[in-house]
Amino acid sequence: MNFDGEDLSRKTLADRLPADETHVFRECDLTETDLRGAALAGARFESCVLEQTDFRKCDLDGAAFTGGGGMRTRFNDADLIDVTFTDVDLSSAQFGGALLTDVSFTGCRMIGAALTASRGTGFSVTRSNLMLANLGGCSLRGRHIEGVRFDDADLSGCDFTEAVLSDCRLIGTRLLLTKFAKADLRGADLGQPDDDKLRAFTGAIINQAQASAILAARGITVL
């Protein structure tokens, strides 16, 4: 079922979408649209407005979101397996309770997004802005994370074991009980190295300039 340029805002659509079809939404307005529980496996969302769109408890396995987006999109308790988000605005999006397995976020604006309490094997993120996001308890173990801003994000309890962070920023980031064992942080801006960060970085790989900055912050001069 194809929807092209339609105003579907504030409508309830779940009952209108046959479960045995692949649905394509192109340049549609889905502002506050109710899609709760809809069968959207393999669906395509291209340059759609997703302002407060309700995807709670949807089956979105294999879906692809490209461009568009909006504030406070809700994916709580949805199934997202092999889903791709490319250049989508997901600011303040809610993923609590969602099943995230092999989900990829590329070039996304995710300021204030909440992925804490999500389930599954995890997700990858590249060239995205996660300022003020809450990823508490998420696993990014072994991931190659490139070009991501984690400024002022809450990464408490996250697992970055053996991950590689390149061109990433961790300025003002909350790192309570975060794990970076064997993580390669040489390409990351670590921000101000406070005590919580130093504990989190136990076992991580850093470069000489980063080590010197940490020591300097403790009043130790390296000659």
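The values are calculated or read from the model by the stated rules, or taken from the named source; none is laboratory data. The structure presented is a predicted model; accordingly, all values stated were derived computationally and were not measured. Note that each Cβ is placed from the backbone with ideal geometry, even for glycine, and that neighbours are counted across all protein chains shown. Please note that ligands, DNA and RNA were not included when accessible areas were found on the heavy atoms of the full protein model with its side chains. Shrake-Rupley method; radii C 1.70, N 1.55, O 1.52, S 1.80 Å.
Anything in the stretch 170-184 that is closer than 23 Å to Ile111 by Cβ and either of a type in the set (Asp, Glu) or not in a loop (DSSP other than H, G, I, E, B) (or both)? List them, or say none.
Across the stretch 170-184, the qualifying residue is only Arg174.
Would you check if there is a residue in the stretch 182-197 being surrounded by fewer than 19 Cβ atoms within 10 Å (Cβ to Cβ), of a type in the set (A, V, I, L, M, F, W, C), more than 20 Å from Asn134 (Cα to Cα) and without any contact (Cβ under 8 Å) to a residue 24 or more places away in the chain?
No, every residue in the stretch 182-197 fails to be surrounded by fewer than 19 Cβ atoms within 10 Å (Cβ to Cβ), of a type in the set (A, V, I, L, M, F, W, C), more than 20 Å from Asn134 (Cα to Cα) and without any contact (Cβ under 8 Å) to a residue 24 or more places away in the chain.
Go over the candidates Gly191, Gly203, Gly187 one by one and state the one that is part of a strand (DSSP E or B) and farther than 29 Å from Gly97 by Cα.
Step by step, each of Gly191, Gly203, Gly187 is checked, and only Gly187 is part of a strand (DSSP E or B) and farther than 29 Å from Gly97 by Cα.
Among residues belonging to the stretch 49-95 that are of a type in the set (Ser, Thr, Tyr) and within 16 Å of Phe25 (Cβ to Cβ), point out the one that is farthest from the chain's Cα centre (by Cα).
Among those that are of a type in the set (Ser, Thr, Tyr) and within 16 Å of Phe25 (Cβ to Cβ), it is Thr53.
Within the stretch 1-23, work out how many residues are out of contact with any Ser or Thr (no Cβ under 7 Å at 6 or more places or on another chain) and open to solvent by less than 20 Å² (accessible area, probe 1.4 Å).
Within the stretch 1-23, residues that are out of contact with any Ser or Thr (no Cβ under 7 Å at 6 or more places or on another chain) and open to solvent by less than 20 Å² (accessible area, probe 1.4 Å) number 3.
Could you run through the stretch 75-92 and say how many residues are surrounded by fewer than 22 Cβ atoms within 10 Å (Cβ to Cβ) and under 17 Å from Glu51 (Cβ atoms)?
Selection size over the stretch 75-92: 5.
Just one of (1) in contact with a helix residue (DSSP H, G or I) (Cβ under 8 Å, 6 or more places away or on another chain); (2) buried (at least 23 other Cβ atoms within 10 Å of the Cβ) trips up Asp34, so point out which.
Answer for Asp34: the failing condition is (2).
Those residues that are within 17 Å of Thr53 (Cβ to Cβ), touching a Lys or Arg at 6+ places or on another chain (Cβ under 8 Å) and open to solvent by 30 Å² or more (accessible area, probe 1.4 Å), I need them from the stretch 93-119; list them, please.
Matches in the stretch 93-119: Gln94 only.
Search the stretch 117-136 for residues being under 10 Å from the mean Cα position of the chain (by Cα) and part of a loop (DSSP other than H, G, I, E, B), and hand back the single one that is nearest to Val148 (Cα to Cα).
Among those residues, the one meeting the criterion is Ser128.
Out of all the residues in the stretch 120-169, which are β-branched (Val, Ile, Thr), under 22 Å from Gly97 (Cβ atoms) and crowded, with 23+ Cβ neighbours inside 10 Å?
The one that is β-branched (Val, Ile, Thr), under 22 Å from Gly97 (Cβ atoms) and crowded, with 23+ Cβ neighbours inside 10 Å: Val125.
Could you go through the stretch 104-125 and let me know if any residue there is touching a His at 6+ places or on another chain (Cβ under 9 Å) and free of Cβ contacts under 8 Å to residues at least 40 places away in the same chain.
yes
It is to be established whether one or more residues within the stretch 57-70 are modelled with pLDDT under 95, among the basic types (Lys, Arg) and open to solvent by 10 Å² or more (accessible area, probe 1.4 Å).
No, the stretch 57-70 contains no residue that is modelled with pLDDT under 95, among the basic types (Lys, Arg) and open to solvent by 10 Å² or more (accessible area, probe 1.4 Å).
Check Asp167, Asp152, Asp159 and return the single one that is within 15 Å of Met110 (Cα to Cα) and among the acidic types (Asp, Glu).
Answer to the selection: Asp152.
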